[in-house]
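Below you'll find the structure, written out as structure tokens, and then a few comments.
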Amino acid sequence: PTPNGPDQQLTKLSKSWKCTAATLDNTPQTAANNADYSAFVLTISGTAGQTTFNYSCAGRPKPLSPWPASGTFTFGTDFATSVTRTEDNIPVTYSVTDSQLQITFNYSGAGYAGRVNNVKGNWVFTFAPQ
């Protein structure tokens, strides 16, 4: 049988994604502003039939990042474009194809051990399969 919609999305999302661009409030986050995401990798994994799935992060800038080292996502009401980061209840909008993942969210917390002077604001991450 053909997988249901959430399982199809999970299949698209489940891989290691290397960050190709990161912006905070429309400002590129680069080594020049102590927020180099060039080594950042987001790995997503899950099991068909489940609505909660895992992620882990490697290569986060130090000392602060809007990403914890690992956690879980749950699909939102529109599973094709939204998930929620369960550890901090942050709604995340995403778009995914075979060659790109883009994630957008607003972060207002103190930050997770990682390195950016300020992590509060509107983030956009673009990834390519690793």
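Side notes on the structure shown:
- With respect to the stated conditions, ALA22 fails to be under 17 Å from VAL119 (Cβ atoms), of a type in the set (A, V, I, L, M) and in contact with a Pro (Cβ under 7 Å, 6 or more places away or on another chain).
- Residues in the stretch 58-84 that are touching a Pro at 6+ places or on another chain (Cβ under 7 Å) and not aromatic (Phe, Trp, Tyr): 3 in all.
- Residues of the stretch 85-110 satisfying the condition of being more than 18 Å from TRP17 (Cα to Cα) and of a type in the set (Ser, Thr, Tyr): THR86, TYR107, SER108
- Taking residues in the stretch 24-37 that are under 17 Å from THR104 (Cα atoms), and partners anywhere that are open to solvent by 50 Å² or more (accessible area, probe 1.4 Å) and modelled with pLDDT of 90 or more, the pairs with Cβ atoms closer than 7 Å and at least 6 places apart or on different chains are ASP25/ASN122.
- Within the stretch 12-45, being open to solvent by 60 Å² or more (accessible area, probe 1.4 Å), β-branched (Val, Ile, Thr) and at pLDDT 95 or above holds for one residue alone: THR20.
- Selection status of THR126, modelled with pLDDT of 90 or more, of a type in the set (Val, Ile, Thr) and within 25 Å of THR2 (Cα to Cα): no
- Selected residue (criterion: nearest to LEU101 (Cα to Cα)) from residues of the stretch 80-89 that are in a loop (DSSP other than H, G, I, E, B), free of Cβ contacts under 8 Å to residues at least 40 places away in the same chain and of a type outside the set (D, E, K, R): THR81
- Residue list for the stretch 60-79, filter: in a loop (DSSP other than H, G, I, E, B) and open to solvent by 40 Å² or more (accessible area, probe 1.4 Å): ARG60, LYS62, PRO63, ALA69, THR77, ASP78, PHE79
- Subset tally (residues that are open to solvent by less than 40 Å² (accessible area, probe 1.4 Å) and more than 12 Å from GLN9 (Cα to Cα)) for the stretch 46-58: 2
The values are calculated or read from the model by the stated rules, or taken from the named source; none is laboratory data. It should be emphasised that the depicted structure is a prediction, and the values quoted were computed from it without experimental measurement. FYI the Cβ positions are ideal-geometry reconstructions off the backbone, even for glycines, and counts take in every protein chain you see. These area figures cover heavy atoms from the full protein model, side chains too; ligands, DNA and RNA do not enter into them. Shrake-Rupley method; radii C 1.70, N 1.55, O 1.52, S 1.80 Å.
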